[in-house]
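Asker: Below is a structure I'd like to ask you about.
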Amino acid sequence: MDEVVLCAGLQVDRLAELAGDAHAPRIVPFRGEYFALVPEKRSLVNGLVYPVPDPRYPFLGVHLTPRFDGEVLVGPNAVLALAREGYRRRDVSVRELAEIVRYAGFRRFARQHWRTGVAEMRGSLSKRAFTAAAQRYVPELTVADMVPAAAGIRAQALETDGSLVDDFRISRTGAVVAVRNAPSPAATSSLAIAEHIVDTLLGRVADS
Ligand SMILES: Cc1cc2nc3c(=O)[nH]c(=O)nc-3n(C[C@H](O)[C@H](O)[C@H](O)COP(=O)(O)OP(=O)(O)OC[C@H]3O[C@@H](n4cnc5c(N)ncnc54)[C@H](O)[C@@H]3O)c2cc1C
């Protein structure tokens, strides 16, 4: 018999449902925007500068990441993307946006966290606000030190009660295993999790 593992990121809830799995949790896309430091200011950051995580959110908040190529990234924020694959602010899908807003889990989430949402939007629309978030860790940074960099979309699973899923969500329907939430950091390439997925596929793990 053929077996399938669905690791389709932003589309995985749709594929899982097509395979007979539950409707929820649904994937809600959050865009994470970055700036990069101008080369002359890269020496301000000599290592990873990360905040202590806020246990209420799986998003870490703006942090500073020196990359192997010398570039220093500042970000990401987390703003609702207006399309599942809305990597640019102007990417809008009315159909997908309506689907998000119709989802009771999203409406509950929005009611609980609208203040944080507004603060993140501010950081998205104002470079000054984004810089201020980075200045908490590197006070010497100025608005002129940062240039826009690429954005990523986080495929965040949201429960119907409005809570953010903060761990892997692996489910099995017959010969199909779906990975609905693959959070960072670092766990996404964990061999132990790969083994767990294989065990789930082979029926060695009780369905969650
Ligand atoms: C801004 C940002 C920063 C991050 N930083 C980190 C970090 O520092 N460290 C870390 O560990 N993680 C980080 N992550 C998280 C990490 O990127 C994700 O957890 C990881 O990519 C999720 O893996 P995935 O395989 O579930 O999904 P993806 O990597 O999105 O892969 C899904 C794949 O499925 C394909 N696909 C979609 N639909 C279909 C379909 N219908 N049929 C076939 N294929 C399909 C897509 O093309 C894609 O190739 C970050 C994420 C974001 C957004």
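Asker: Take the conditions farther than 19 Å from ARG26 by Cα, in a strand (DSSP E or B) and of a type outside the set (Phe, Trp, Tyr) and apply them to VAL118. Does it pass?
Answerer: It is false that VAL118 is farther than 19 Å from ARG26 by Cα, in a strand (DSSP E or B) and of a type outside the set (Phe, Trp, Tyr).
Asker: Go through (1) of a type outside the set (A, V, I, L, M); (2) within 13 Å of the ligand (Cβ to nearest atom); (3) under 17 Å from ALA81 (Cα atoms) and name the single condition ARG14 misses.
Answerer: If we test ARG14 against (1) of a type outside the set (A, V, I, L, M); (2) within 13 Å of the ligand (Cβ to nearest atom); (3) under 17 Å from ALA81 (Cα atoms), just (3) comes out false.
Asker: Can I ask one more? Report, by residue number, each residue of segment 7-16 that is among the aliphatic types (A, V, I, L, M) and assigned to a loop (DSSP other than H, G, I, E, B).
Answerer: The answer is ALA8, and nothing else.
Asker: Considering only residues that are more than 13 Å from the chain's Cα centre (by Cα) and touching a residue at least 24 places away in the same chain (Cβ under 8 Å), which ones fall in segment 63-83?
Answerer: Correct list: HIS63, LEU64, PRO66, GLY70, GLU71, VAL72, LEU73, VAL74, ALA83.
So that you can scan it fast, the table gives a plain yes or no per residue for (1) modelled with pLDDT of 95 or more; (2) surrounded by 16 or more Cβ atoms within 10 Å (Cβ to Cβ):
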position	(1), (2)
ARG108	yes, yes
PRO139	yes, no
MET146	yes, yes
PHE168	no, yes
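Asker: Of the residues in segment 17-28, how many are assigned to a loop (DSSP other than H, G, I, E, B), within 15 Å of the ligand (Cβ to nearest atom) and closer than 27 Å to MET121 by Cα?
Answerer: 1
Asker: Also, I was wondering about something else. Sort through ALA206, ALA144, ALA149 and tell me the only one that's in the same structural domain as TYR50 (by TED's automatic domain parsing) and either more than 22 Å from the chain's Cα centre (by Cα) or more than 16 Å from the ligand (Cβ to nearest atom) (or both).
Answerer: ALA144
To keep it simple, each residue is scored yes or no on (1) assigned to a loop (DSSP other than H, G, I, E, B); (2) more than 30 Å from ARG180 (Cβ to Cβ); (3) among the hydroxyl-bearing types (Ser, Thr, Tyr).
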position	(1), (2), (3)
GLY123	no, no, no
ALA132	no, yes, no
ALA150	yes, no, no
GLN156	no, no, no
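Asker: For segment 5-59, give me the residue count where each residue is in contact (Cβ under 8 Å) with a residue 60 or more places away in the chain and touching a Leu at 6+ places or on another chain (Cβ under 9 Å).
Answerer: Selection size over segment 5-59: 27.
Asker: Select from segment 30-55 the residues that are under 22 Å from the mean Cα position of the chain (by Cα) and loosely packed, with under 12 Cβ neighbours inside 10 Å and list them in ascending order.
Answerer: Selection gives LEU48, VAL52, ASP54, PRO55.
The values are calculated or read from the model by the stated rules, or taken from the named source; none is laboratory data. Every value quoted in this text rests on a predicted model; they were computed, and no experiment measured them. Every residue, glycine among them, receives a Cβ derived from its backbone with ideal geometry; neighbour counts consider all protein chains shown.
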